[in-house]
Amino acid sequence: MTRLSSCKVAFLATGNVHKFNEARRILSEHGIATAMLRTIRTVEIQDDEIRNIAKARAVDAFQKCNLPIIVEDAGLFIEKLAGFPGPYSSYAYRTIGNEGVLKLMKNIVDRKACFRSVIAFLSSKTNKPKCFKGKIEGRITEEKRGSHGFGFDPIFKPLHASKTFAQMIIEEKNQLSHRALSFRKFAEFYINKF
Ligand code: IMP
């Protein structure tokens, strides 16, 4: 267990400040402070499962910093595109972006999609990475909406929501997001069982 005075600390290896801010707020609800380790560059393997990518990155990050470490991998899975971009979300965002995804979805009526998040946690007390998952169902909008958040937020609208993620402030996104679900599961474990 790592403590700063009476507060537990989680070390998150990420260079994504949006992801960090979302995670930080969730973990603080559970009395956990989050440290952003942005200089730990982890090797990202190619795999069809984001869980395997997260696990491999956690092992790599732990070897580099020797701290109880969490990494999170997320992706957007579009049903009619056979799950694309899924584990290739980062590459797809950098190359075709939201406009490219909207083009691929042109004339497609069934726009069901989901975001998945997997956290992998590794420390000297756990001999292999422990994973926590979150998923949110929704649909791909016809056009970009909103300016908050990052990545595919402007084109993803959760089921039953009237706004895209990019039209929500962090507190609203954190009520329902894939990341909020996986981080809440991690927080329960970190507080009670670690
Ligand atoms: P990462 O590997 O977890 O950084 O996620 C891969 C890509 O998925 C990112 O570059 C984003 O484009 C996208 N992504 C992941 N999570 C989110 C999210 O919460 N909102 C929007 N896009 C996301």
Direction-averaged shadow area of the convex hull around the Cα atoms of region 1-79, nm²?
6.1 nm²
With all protein chains present and a 1.4 Å probe, how do 20, 165 order by accessible area, largest first?
20, 165
What does the accessible area of residue 112 come to, in Å² to the nearest 10, when a probe of 1.4 Å is used?
100 Å²
Nonlocal amide H pairs with residue 35, under 5 Å, H built at 1.01 Å
10, 11, 12
Rounded to the nearest 10 Å², the 1.4 Å probe accessible area of residue 60 is 30 Å²
From the phi angles alone, apply the Karplus equation (6.51, -1.76, 1.60; θ = phi - 60°) to region 159-173 and give each ³J(HN,Hα) in whole Hz, x where the residue is Gly or Pro.
3, 6, 9, 9, 10, 7, 4, 6, 8, 9, 7, 3, 4, 6, 4
What are the residues whose amide H is under 5 Å from the amide H of residue 139, where those residues sit 5 or more places off or on another chain and H is modelled from the backbone?
113, 157, 159
Under the Karplus relation with 6.51, -1.76 and 1.60 and θ = phi - 60°, whole-Hz ³J(HN,Hα) for region 40-52, x at Gly and Pro, equal 7, 8, 9, 6, 9, 6, 8, 7, 6, 10, 5, 4, 5
Gained length - residue 17 relative to residue 172, 0.36 nm times residue gap less alpha-carbon distance
54.1 nm
Counting only protein heavy atoms with a 1.4 Å probe and every protein chain in place, the carbon and sulfur fraction of the accessible surface of the chain in whole percent equals 52 percent
Greater than 23 Å apart at Cα, pairs in 19/144; 55/173; 106/157:
55/173
Charge dipole (the chain, unit charges on Cβ, about Cα centre) - positive-most of 42, 169, 121
121
Out of the trypsin sites (Lys or Arg not before Pro) in region 1-76, which ones are loop residues according to DSSP with at most 15 other C-beta atoms within 10 Å?
38, 41
Table column - 3J(HN,Hα) (Hz), region 119-131, Karplus curve with 6.51, -1.76, 1.60, x for Gly and Pro
9, 10, 10, 9, 9, 5, 8, 10, 7, 9, x, 9, 10
Restricting to bridges with both residues inside region 8-193, how much of the DSSP beta-bridge set is antiparallel, in percent to the nearest 5?
75 percent
Mean separation of Cα contacts under 8 Å (at least 6 apart) over the residue count of the chain, i.e. the relative contact order in percent, is 20 percent
Other-chain or far-sequence residues with amide H under 5 Å of residue 177's (modelled H):
none
Write down, largest first, the equivalent ellipsoid semi-axes of the chain in whole Å, where each equals the square root of 5 times an eigenvalue of the alpha-carbon gyration tensor.
30, 18, 13
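Starting from the eigenvalues of the Cα gyration tensor, five times each then square-rooted, give me the equivalent ellipsoid semi-axes of region 117-189, largest first, whole Å.
Working: eigenvalues 166, 23, 21 Å².
Equivalent ellipsoid semi-axes, largest first: 29, 11, 10 Å.
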With every protein chain in place, what's the accessible area of residue 18 (1.4 Å probe, Å², nearest 10)?
80 Å²
Find the accessible area per residue for the chain; the probe is 1.4 Å, ligands and nucleic acids are left out, and the unit is Å².
51 Å²
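The values are calculated or read from the model by the stated rules, or taken from the named source; none is laboratory data. It should be emphasised that the depicted structure is a prediction, and the values quoted were computed from it without experimental measurement. Ideal geometry is used to build each Cβ from the backbone, glycine not excepted, and the neighbour counts take in all protein chains shown. For accessibility, only protein heavy atoms count, side chains too; no ligands or nucleic acids. Shrake-Rupley method; radii C 1.70, N 1.55, O 1.52, S 1.80 Å.
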